[in-house]
Every structure is written in structure tokens, then in C-alpha cells.
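The values are calculated or read from the model by the stated rules, or taken from the named source; none is laboratory data. Everything quoted here is computed from the prediction, not taken from an experiment. Note that each Cβ is placed from the backbone with ideal geometry, even for glycine, and that neighbours are counted across all protein chains shown. Keep in mind that these areas ignore ligands, DNA and RNA; they rest on the heavy atoms of the full protein, side chains included. Shrake-Rupley method; radii C 1.70, N 1.55, O 1.52, S 1.80 Å.
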Amino acid sequence: MNPDVERIYELSPMQQAMLVASLVAPSSGVYLVQVTLSLSSRLDVAAFERAWRLVVARHGILRTGFYWEEQEKPVQVVYREVDLPLRRESWRGLGAAGQEERLQALLDADREQGFDLGEPPLLRLTLIELDGGGWQLVWSMHHILADGWSRSLLLRELFESYAAFAAGHEPSLAPPRPYEDYIAWLQRWDSAAAEAFWRRSLKGLSPPILLAGLDGHGPVSASFRAARRRSGRLAAEATAALRELARRHRLTLATVLYGAWALVVARETGGEEAVFGGTVTGRPLELAGVESMVGLFINTLPVRVAVDPAHGLLAWLTALQEWQSEARHHENAPLAAIHAWSGLAGAPLFDHILVVENDPLDGGLAERLPELAISVVSSNELTGYPLHIVAVPGSELQLDLIYDARRVGDAAATRLAERLAGALRAFATAPQARLGEVPLLLPGERQQVVVEVNDTAAGLPAESCVHELVWAQAARTPQAVAVRGAGRALRYGELAAQAGGLARRLVRLGVGPEVLVGVCAERTPALLVALLGVLEAGGAYVPLDPTHPRERLGWILADSRARVVLTERSLSDALPPHEARVVLLDEEDEDSEGAGAGVAAAPVPATAARAENLAYVIYTSGSTGRPKGVGVRHRGVVNYLTAMAARPGLGAGDVMLAVTTLSFDIAVTELLLPLSVGARVELVDRET
């Protein structure tokens, strides 16, 4: 082995995932962490640099490079020594605005530079002298080396060593346990129990609605150039109330945050459950000394939460925490394996993650070294997900949304952040509420939903029937072509006359208000005659798609108890056995003879439909069980057609292509809307 190499070992699953993400998008800046600290004027620069070099020398992970080419598996190689890149700059005289502009330019250039994962060390430092003798440190590191907990450990070691060197003596630090020990533990880990747990937790999971698909349509690849951050804080009073809620009911703050976010996701997507990624520490309790080890231990796991509006908030949060406690024993399972166990091949489990910082970077550094006055600590990181929510505990809970502006719009990010803050405030003030009672509407949305959307007053012909709209048009333009298809055309007058003749046949068979008539016909003008004939007779039609299975058609006929079925000779044998009377549309009848350009005869008064009567009954697909018949009344259809004619607008000079099967509700728009305004329906056959 190369004498410069200290050890070689495999990668953890999370390291492998970050390696792949970095190789796929090398210039994206993904998983490059930038930590910025502001320091007082009393900084001993020589002691500070010496402390950094000691920290790097103590931890092999900071002297590690990654190699994958010509390797059966990627490996990480720990070198005995590395040259620590530490650059010094002076920004004195630039002023506050100039320094801020220069800092942003430095951070952008630093992220643009990225890291060559095969060239350690994968960290670099820039120490900047400011006006008044102050200093600023920019510490850049690839996330593949260490997680947030580890970064906090490194900063504590750094400043403890700095204090010792500045005082003229050597620091007293316990020997660190190498990250390699964790990799060895992973290789002994039994995954059988984890597989059983995750299969059970994700059983029956459907591909979730992705938040990034609600507002954005940009490319999937991450890029720091499109990254945006929206930061906010929960007021101290609300934060204290939230902490008290958690303490009183023995909940963790993470559970409360997971619950609030799950509620937001479910409301945002309109689903009955929420699925998102949750980041866990990943430090196995059975590995001695793991809490003081430096390396990448975190893991991202799917969090699946059922959201039933009837559930009580506290019982729901308690159940969520119990699931988290069980998941804690299986949190070392690789996300790729969990994805495979879920059965969602080819579909993502989630597209965003929620991180609850359990050890913020500023965790007491200023208190440990008051003479150094560490006044600002900030961290900037871009993950491979288009949305990344970070909750940072403190006297005021900080909520950061880091998002890809190409895939999540600024308005959407603001909406999500405000909903999350609102849910947390509601949890604290009304813990006894049911989930459906938790208010998530923003003030502007409440105005829109309660006032603006309900401002629906309009002068619509509510007492008319659907066919009366067509007859009125036929009286105005009897010679205009109403429908064309299958090589035939009917003028408005012809359509009205033929439908009127059919209506009189149906009345003789007992068809009238609330009587259902099945319609099974090919896509020809006769289909329009059938629909309008049923309506003219006062009945309601039931669409029967001739391409549907006989079993479905038979079930609909039995369930609807249709008294009559209108069909064609070529289709009559395709229908299953039924008790309804069959009327063939292509069979001559004395009532239709001599039909010309006139308007159909008036309906029989005793059987005429009214606005409150059914116009049609349409059946659902049955994907959730048996098909269900949905009855639609004339009043609703007339209101709909009148509104659609006005906006977006349709007139007598227009032609509408009818491409939808009669059993789909859009067929009402395609077939009846044009006829209500004098336009032409162009029937498109199935082949076309």
C-alpha cells in the first residue's frame, strides 16, 4: 500500500448517494456546505490556523479522498497528511455593503469551483480581515465528509484547541474514534428486521403527488444558480408555547414539526396522507462513542403520515411519535433499499425533505469563548431535492425553505412556509382540535374562498331545460348545420324534427320525468338525436359505451333500472341480457317520417321535464369498487352551458370537435354546448 495512505475502506450508503449526485451534476454545487462565522478583533490568527491544522490531523475523514474508477465498489482513502487550503484576504475599507457584496461573490465562486472528490482535502478555508479589526471565516466542505452534528463537534474542537494555543499550551483532547469503525459496524448490521419494518410501513403506498410539480416546471437537475432561500422565525411566545405543548404531552419537537408539515402537505396536495423525507442522525446507539465520532452518519428516510380530518391532534401526534421511535431501530437502512421495498419502481418516494437540526452550529460557541465574541454563525447547503425545509430550534424557532426556483415558485415557497408556521401556531393554541379544524388558510386565501369564490350571482336561465336551449336555436337558424359525422350531417331543423319524433315514441313507452333511458350508439348524428329525444320526452339518459365490457354494461342497466334502451341494430346483440325495452335508432317510425326543416312538436305537457328533473345519470369508472351513478339535473346543466358559452366564449360561427366517449362527463361540453349557441358539432370517430 502507498506509504502516504493510512487506510482504505468502503463508503456508507449515504456517502454513495452523495457521490453519485455529485458525479451526475458536477457543477451544480450540490452537497457543498458553506459555513460562515464572524469573529471579534481579538483573533490570534497564528493560533487559529494551528488549531485548524490540528483538527484536520486528528480526524482521518478530513484527509479522505474518494475513488470509483476501475473499482468494483467505490472506496474512500485516508491519507496520512494533506495540505490544508487556507487563504487570507483583507476587505478593510469596503464598508458594510461592499463587504456583503464581496462575501456573496466569494460564496458563489467557491460553490462554482466545487471539489474534485479524488483530491483531498475536501475542505478549504478563507479568513477575511474586516474593518475595525474584525474577521470573517468561510469554511467550505463537501457534505460527503461530515454531517451537521460532526461539524458542531469539529467547531468545538477547533475553538478548544484555539483557546489552548492562544494561551501558550497544548490542548487536551481525547483520542477520536475513526469513522472506519462505523463502516465496519454497517457491514455487520442485519437488514432483515429493517426490511420487514419498511415493507410494513410502506405497504399499499401509491406514488405521491410531488410538491415540486404543483407550481414549477423546470429541469430536474439541481443547480445552486437557481437556489433560493426563504427564512422566517416563529415568535418567541409561540415557540415557547410549542415547547410547552411538547413537554406536557411527552412529544419531541421533531414530532410536532413532522406533524405540522404532514398536515400542510396533505392539504396542499389534496391527499389523505403525506409522504416526505425526514433526516435522522443515523448514529447507532449500540456503537460505543458514536456521539463523539466525526463523519457522515445522517440518513434520509420516508415519513408516511395518514391525515384523517376526524382524528384528534394529540392522539395523532402521539401515534406519529410511536412510529418514529420504532423507526429509530431501523434508520440505518439505505434509502435505495427502502425504495425497492416500497414497490414504487420508477416512481420517487418523495421530492422534498424536512430537517430538524438537533445540534445547531452556534450551540454555545460564544459562551465557551466570550473573549473571541463569535457573533454570527450561518450555514448554506444545497441538497439534491428541489425543496429542503430546515427547522432550527432556539428561543425563536427558525424555519428555512431552500428551494429550486425553477421547480418551486417563489409564491409557492412563501405559501408553504406561511402554512407551516400557521399550523405550528394552531397546534400550540388549540391542541384539543381535530386535524380538520386546524386552520391553514392564509388571510388572502380566506378572503378568496369565503368571499370572492362565492360571488357567483349571475343571470342564468335556471328554469329552462337543456333541450329547450337547442330548440330555441333551431327556431332561429333551422338551416344551419348542427352536427356532422360518419359521412352524414343534420341541420338544426332536421335534428329537432327527428328528436321530436323519437320523443313521441318514448312517451308512448312510458318515458317521462325521472325515467331513465340507456343510450348505446355509435358516434354518428343519430347519437345527438337519441340524447335530445330522451330529454324532449322528459326522461334522463344513461350513457352506455359500446366499447365497455358486457359485464359493466349489464351492471349499469341493472343498477339504473333503465326502462328503455336506445341502440342500433349492429349493437343490439352486443348488449347483455336485460329487462329494458329496446328501441332501434336506425328503425323507421311513422313519427319521424317527413321530418324536414321545421322545429319539433311541443312535448306532451303531462310528461314534460322541469329544471329540477334529472337530465342524465352518468356512472363512475368503478376504480374504487362498484361504479356509482351520479344524477345531474337540467338546472345544473343549463347553468353550466350558459356560463361556458359566455366564458371562454362560443358562438354560432364556431365548430367544436367531439372526441370524448359519451360515458365521460366532458361529452356534455362537446355535444350540448355547441348546440345551445348555434355552433356545429363535428363528431370524430374512434379510429381518428
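Got a sec? Charge dipole of the chain, +1 on Cβ for Lys and Arg, -1 for Asp and Glu; which of 127, 499, 265 is way out at the positive end?
Farthest towards the positive end: 499.
From the helices alone, meaning DSSP H stretches of at least four residues, give me the mean residue ellipticity at 222 nm for the chain, per-run term -39500 (n - 2.57), in deg cm²/dmol to the nearest 500. Provide the component values of the computation, followed by the final result.
Numbers: 21 runs with 247 residues, N = 688.
Counting only the DSSP helices, I get -11000 deg cm²/dmol.
Tally the DSSP beta bridges in the chain and give the antiparallel ones as a percent, rounded to 5. Don't skip to the end; give the middle numbers.
Values: 60 of 90 bridges.
Of those bridges, close to 65 percent are antiparallel.
What percentages, rounded to whole numbers, describe P(r) for segment 74-132 computed over all alpha carbon pairs with 5 Å bin width beginning at zero?
Reading upward from the zero bin: 4, 14, 21, 20, 14, 11, 8, 5, 3, 1.
Rounded to the nearest whole Å³, what is the per residue volume of the convex hull around the Cα atoms of segment 104-253?
Details: hull volume 45.7 nm³, N = 150.
Spelled out: Cα convex hull of segment 104-253, divided by residues, is 305 Å³.
Over the heavy atoms of residue 243, what accessible area does a 1.4 Å probe trace out, to the nearest 10 Å²?
It works out to around 110 Å².
How do 209, 144 stack up against each other in accessible area, from largest to smallest, with a 1.4 angstrom probe?
Values: 209 95, 144 0 Å².
Sorted by accessible area, descending: 209, 144.
Using only the alpha-carbon atoms of segment 397-492 as identical scatterers, what base-10 log of I(q)/I(0) does the Debye formula give at q = 0.14, 0.15 Å⁻¹?
For segment 397-492, the Cα-only Debye profile gives -0.74, -0.78.
Can you give the FRET efficiency to the nearest 0.05 for residue 655 and residue 414, using r as the Cβ-Cβ distance and R₀ = 41 Å? Write down the numbers at each step before the final one.
Working: r = 43 Å, r/R0 = 1.06.
According to the calculation, E is roughly 0.40.
Given a Förster distance of 30 Å, report the FRET efficiency between residue 206 and residue 665 from their Cβ-Cβ distance, rounded to the nearest 0.05.
Values: r = 24 Å, r/R0 = 0.79.
Once rounded, the FRET efficiency stands at 0.80.
Provide, for q = 0.20, 0.23, 0.24, 0.27 Å⁻¹, the log10 of I(q)/I(0) from a solvent-free Debye sum over equal Cα point scatterers in segment 612-688.
For the requested q values the scattering log ratios are -0.94, -1.09, -1.13, -1.23.
Rounded if a/c is under 1.5, else prolate if a/b beats b/c, else oblate: with a ≥ b ≥ c from the C-alpha gyration tensor eigenvalues square-rooted, which is segment 1-122? Kindly include the intermediate steps, with their values, before the conclusion.
On the way: a/c = 3.07, a/b = 1.54, b/c = 1.99.
Judged from the Cα gyration tensor, segment 1-122 comes out oblate (a/c at least 1.5, b/c at or above a/b).
For the chain, what is the charge dipole size about the Cα centre, in debye to the nearest 20, if Lys and Arg each add +1 at the Cβ and Asp and Glu each add -1 at the Cβ? Don't skip to the end; give the middle numbers.
Details: 64 positive and 82 negative charges, 213 e Å.
With Lys and Arg at +1 and Asp and Glu at -1, about 1020 debye.
Can you list the GluC sites (Glu not before Pro) in segment 237-330 that are in a DSSP coil and have 12 or fewer other beta carbons within 10 angstrom?
Counting only loop positions with at most 12 other Cβ atoms within 10 Å, the GluC sites (Glu not before Pro) in segment 237-330 are 272, 286.
Where the only charges are on Cβ atoms (+1 Lys, Arg; -1 Asp, Glu), what is the dipole of segment 227-311 about its Cα centre, to the nearest 20 debye? Provide the component values of the computation, followed by the final result.
Working: 11 positive and 8 negative charges, 76 e Å.
The dipole magnitude comes to about 360 debye.
What percentages, rounded to whole numbers, describe P(r) for segment 466-566 computed over all alpha carbon pairs with 10 Å bin width beginning at zero?
Taking all Cα pairs of segment 466-566, the binned fractions are 17, 43, 32, 9, 0 percent.
What does segment 88-176 give for Rg and for Dmax, in Å, if only its C-alpha atoms count?
Considering segment 88-176 through its Cα atoms, Rg and Dmax are 15.8, 44 Å.
Express the Stokes-Einstein translational diffusion coefficient of the chain in µm² s⁻¹, to the nearest whole number, given a Kirkwood radius over alpha-carbon pairs, 37 °C and a viscosity of 0.692 mPa s.
Working: Rh = 30.7 Å.
Roughly 107 µm²/s, to the nearest whole number.
Does anyone have the angle between helix 45-58 and the longest principal axis of the chain? Alpha-carbon axes, 0 to 90°, nearest 10?
70
Hey, what angle do you get for helix 313-327 against the long axis of the chain, alpha-carbon based, 0 to 90 degrees rounded to 10?
It is inclined by approximately 60 degrees.
Using the Cβ atoms and a cut-off under 14 Å, what net charge is assigned to the surroundings of residue 96, where Lys and Arg are +1 and Asp and Glu are -1? Could you put the intermediate results ahead of the total?
Details: positive: 92, 102; negative: 100, 101, 131.
Every neighbour counted, the sum reads -1.
Sort out for me the Cα centre separation of segment 71-95 from segment 296-355, rounded to whole Å.
Here the answer is 36 Å between Cα centres.
What's the extension gain from residue 8 to residue 449 if we count 0.36 nm per residue and subtract their Cα-Cα distance?
Numbers: separation 441, 0.36 × 441 = 158.76 nm, distance 6.12 nm.
Contour length minus Cα-Cα distance gives 152.6 nm.
Taking R0 as 41 Å, what FRET efficiency do you get between residue 441 and residue 646 from their Cβ-Cβ distance, rounded to the nearest 0.05? Don't jump to the answer; show the numbers that get you there.
On the way: r = 29 Å, r/R0 = 0.72.
Efficiency computed from Cβ-Cβ geometry: 0.90.
Enter the angle in degrees (range 0 to 90, nearest 10) between the Cα long axis of helix 192-201 and the first principal axis of the Cα atoms of the chain, meaning the one along which they spread out most.
Roughly 40 degrees, rounded to the nearest 10.
Given Cα positions, please report Rg to Rh for segment 445-525, the hydrodynamic radius being the Kirkwood one.
1.16
At most 11 other Cβ atoms within 10 Å and a DSSP loop assignment: could you name the GluC sites (Glu not before Pro) in segment 1-77 that fit? Write out the running numbers ahead of the final one.
Working: sites: 6, 10, 49, 69, 70, 72; in loops: 69, 70, 72.
Passing sites in segment 1-77 are 69, 70, 72.
Just to confirm a number: summing +1 for Lys and Arg and -1 for Asp and Glu over residues other than residue 342 whose beta-carbon lies under 12 angstrom from that of residue 342, what do you get? Mind showing how you got there, number by number?
Working: positive: 199, 200, 203, 304; negative: 195.
That sum, taken over residues with Cβ under 12 Å, equals +3.
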